[in-house]
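In what follows, a structure is listed as structure tokens, so that the remarks can point back to it.
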Number of protein chains: 2
Amino acid sequence: MKRNKVTRQIELKETIKSMPFITDEELAKKFGVSIQTIRLDRMELSIPELRERIKSVATHEWNETVKALPIEEVIGEVVDLELDERAISILDIRSEHVFSRNDIARGHHLFAQANSLAVAVINDELALTAKSEIYFTRQVKKGERVVAKAKVAGTDQKGRTLVEVQSYVENEQVFAGTFYMFRSNEQKELQQS
Amino acid sequence: MKRNKVTRQIELKETIKSMPFITDEELAKKFGVSIQTIRLDRMELSIPELRERIKSVATHEWNETVKALPIEEVIGEVVDLELDERAISILDIRSEHVFSRNDIARGHHLFAQANSLAVAVINDELALTAKSEIYFTRQVKKGERVVAKAKVAGTDQKGRTLVEVQSYVENEQVFAGTFYMFRSNEQKELQQS
């Protein structure tokens, strides 16, 4: 259905508000217009390009608070982080991430994004994965952008921190994982609580 | 305990026979002698170096039978493969595989080795991971060699092929995983059985 420009721009604004990490390509597809049209719309609406939107979320505040590993060792780009609470990262699936034969993303890259986010969210100098249950719920193709959301979900009987990670392409879930994380201060924490 | 040369060489021969992928470094440590001594022992016993031993296992026979992906897309070096039965690969943990902070191997590399082996063992043009349960049972450090062994363990109610992967450093288990694999010919197979 063809929308007029005013309607499209209103909907575009709402879409970007609810999905700040959506690309111009995805927007063009969604609205059935060219990428150039989306760019012009964004300019008229003063909505910065994706790279700038990511940067504006990715402030230095949390950047300096990652504890368990240097930020550059996280697979994907961290765009939100609150230690021992939640974290979000973005991974663009490029040719180095896919099977050459069918352009489908290889599982270990989705796992690496999720697992390193589960490490990053831990408020400890040491965080190691003990166990994980993971589901690949939809194939991811080259060119797609995977948004992984990690949430600290509590502690198990063994004192390990549970981190739930769910990854999406646009609004579709592509990966789900539960990570059981060892941390160096688990004993201390247990005594404190 | 210091062995004399004859005893050491007999034990060395037996050790290499039972663990063909052991390195000279590991042998030196095991026998409490220098790496140079191990090399001299191997020369006297006409036991080829590890690289040659791996090559002699890795014949072209199976190399050409890998179906689900090009052999160079397997993470690690495949040294044995019988489709829909079993496979073995070797991964040397180097600086690019570890956390810079503590030289411990990152989980996603052990996962990548195991998962790509689970893909390689499937006798099908298409093999995709649907689900996985994994355990990291011991930390792996830089310089260690991980031997992953995959075994096809049957089919579940949904027609997915189960692959069990167990990974070892020397004789110690470091990783265990169960992979539930989709394949393109599962319907056909089900109808045939």
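A few comments on the model shown:
- Selection within the stretch A:94-124: residues that are among the β-branched types (Val, Ile, Thr), more than 9 Å from chain B (Cβ to nearest Cβ) and buried (at least 22 other Cβ atoms within 10 Å of the Cβ). The member of this set that is farthest from A:Glu52 (Cα to Cα) is A:Ile122.
Residue-by-condition table, conditions (1) over 17 Å from A:Ala118 (Cβ atoms); (2) free of Cβ contacts under 8 Å to residues at least 60 places away in the same chain:
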position	(1), (2)
B:Asp103	yes, yes
B:Arg106	no, yes
B:Val119	yes, no
B:Lys151	yes, no
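- The condition of being among the aliphatic types (A, V, I, L, M) and part of a strand (DSSP E or B) does not hold for B:Val119.
- Residue within the stretch B:69-84 that is surrounded by 14 or more Cβ atoms within 10 Å (Cβ to Cβ), at pLDDT 90 or above and farther than 24 Å from A:Val98 by Cβ present: yes
- Across the stretch B:125-138, the qualifying residues are those that are part of a loop (DSSP other than H, G, I, E, B) and at the interface with chain A (Cβ under 9 Å from one of its Cβ atoms), and the one among them that is farthest from B:Val152 (Cα to Cα) is B:Thr137.
- Residue in the stretch B:152-169 that is part of a loop (DSSP other than H, G, I, E, B), in the same structural domain as B:Asn185 (by TED's automatic domain parsing), over 23 Å from B:Ile71 (Cα atoms) and not charged (D, E, K, R) present: yes
- Failed condition for A:Glu172, given (1) surrounded by 15 or more Cβ atoms within 10 Å (Cβ to Cβ); (2) away from chain B (no Cβ under 14 Å): (1)
- For the criterion of being small (Gly, Ala, Ser), surrounded by fewer than 22 Cβ atoms within 10 Å (Cβ to Cβ), assigned to a strand (DSSP E or B) and away from chain A (no Cβ under 12 Å), B:Ala148 fails.
- The set of residues in the stretch B:4-34 being closer than 21 Å to B:Ile90 by Cα and out of contact with any Leu (no Cβ under 8 Å at 6 or more places or on another chain) consists of B:Glu14, B:Lys17, B:Ser18, B:Met19, B:Pro20, B:Glu25, B:Glu26, B:Ala28, B:Lys29, B:Lys30.
- B:Val66 fulfils the conditions (1) surrounded by 13 or more Cβ atoms within 10 Å (Cβ to Cβ); (2) at pLDDT 90 or above except for a single criterion, (2).
- Meets criteria (in the same structural domain as A:Ala68 (by TED's automatic domain parsing) and at positive phi) for A:Glu125: no
- For the stretch A:70-93, the candidate set comprises residues that are among the acidic types (Asp, Glu) and touching a residue at least 40 places away in the same chain (Cβ under 8 Å); within that set, the residue that is nearest to the other protein chains (Cβ to nearest Cβ) is A:Glu73.
- Here A:Tyr180 does not fit the description of being under 28 Å from A:Ser18 (Cα atoms) and of a type in the set (Phe, Trp, Tyr).
The values are calculated or read from the model by the stated rules, or taken from the named source; none is laboratory data. What you are looking at is a predicted structure, and each value in this text was computed from that prediction instead of being measured. Using ideal geometry, Cβ is built from the backbone for each residue, glycine included, and neighbour counts are taken over all protein chains shown.
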